[in-house]
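For reference, the structure is listed below as structure tokens.
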Amino acid sequence: MPDTTQLSKNYTVAKYRKLEAAQRPKKEIAKFFVERFTERYITPINAAGRKHKHGFCTMAVSCLMIEALESFWCGWPDTKHRSALAFCQFFQRTPAFSAFLGFVPQFYENVRCGILHQAETTGGWHIQREGDLFETKSLTINATKFHRVVKGSLSAHAKLLISSAWDSERWRNFRKKMEQVCKNCS
């Protein structure tokens, strides 16, 4: 059963392991990576349509995506006891999020943890789907723009994978995370 577990629409654990064993099918593995994230985190938000979208759902999905992307970037088996660090590193590495840099601990506590644990933001933070990406004075985030930046980070990571050497730290970290993903399927 574990080898037949779908990691994404077109990739099972067995198919991924076959690609990894072949070494250097970087474009195909990067395609799988984008497909997995797109199915889980991007398509559901886009499919909702403007009428049914909600900023809180968009932000919750974006926060899940950030932690997952960061675990691939770092090669972490999971983000247990590292969630706050994941956001700090992700925001530092993503130029479009530079306005958040002085607010990362507050974002983590009041947005990520607020939405995921309390189903609301706390500490005076606000989520909307219009305006600038981040209004520092009012602590207001445009969830649509935020999600777009996170989506762009997925594309950027896939491009870096394709252009990096198979034995690079980037690929070693990716394979470490995928080893845990495959283990979680058994």
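Restricting attention to the range 86-96, does a residue exist that is free of Cβ contacts under 8 Å to residues at least 12 places away in the same chain and surrounded by 16 or more Cβ atoms within 10 Å (Cβ to Cβ)? There is no residue in the range 86-96 that is free of Cβ contacts under 8 Å to residues at least 12 places away in the same chain and surrounded by 16 or more Cβ atoms within 10 Å (Cβ to Cβ).
Would you confirm, using the coordinates I've provided, whether Phe91 is over 22 Å from Glu28 (Cβ atoms), in contact with a Leu (Cβ under 8 Å, 6 or more places away or on another chain) and either among the charged types (D, E, K, R) or modelled with pLDDT of 95 or more (or both)? Yes.
Is at least one residue of the range 138-152 open to solvent by 60 Å² or more (accessible area, probe 1.4 Å), free of Cβ contacts under 8 Å to residues at least 24 places away in the same chain and more than 18 Å from Trp76 (Cα to Cα)? So far as the range 138-152 goes, yes, one or more of its residues are open to solvent by 60 Å² or more (accessible area, probe 1.4 Å), free of Cβ contacts under 8 Å to residues at least 24 places away in the same chain and more than 18 Å from Trp76 (Cα to Cα).
Let's see how each residue does on (1) under 24 Å from Ser168 (Cβ atoms); (2) open to solvent by less than 80 Å² (accessible area, probe 1.4 Å); (3) at pLDDT 90 or above:
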site: Arg17; (1), (2), (3): yes, no, yes
site: Glu20; (1), (2), (3): yes, yes, yes
site: Lys27; (1), (2), (3): yes, no, yes
site: Ile42; (1), (2), (3): no, yes, yes
site: Ala48; (1), (2), (3): no, yes, no
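For every residue, the table says whether it meets (1) at negative phi; (2) assigned to a loop (DSSP other than H, G, I, E, B); (3) of a type in the set (Val, Ile, Thr).
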| residue | (1), (2), (3) |
| --- | --- |
| Phe91 | yes, no, no |
| Phe103 | yes, no, no |
| Thr122 | yes, yes, yes |
| Ser138 | yes, yes, no |
| Lys145 | yes, no, no |
| Trp166 | yes, yes, no |
| Trp171 | yes, no, no |
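The values are calculated or read from the model by the stated rules, or taken from the named source; none is laboratory data. These numbers were taken from a predicted model, which means no experiment stands behind them. Cβ: placed from backbone, ideal geometry, glycine included. Neighbour counts: every protein chain shown. Surface areas here come from the heavy atoms of the whole protein model, side chains and all, with no ligands, DNA or RNA. Shrake-Rupley method; radii C 1.70, N 1.55, O 1.52, S 1.80 Å.
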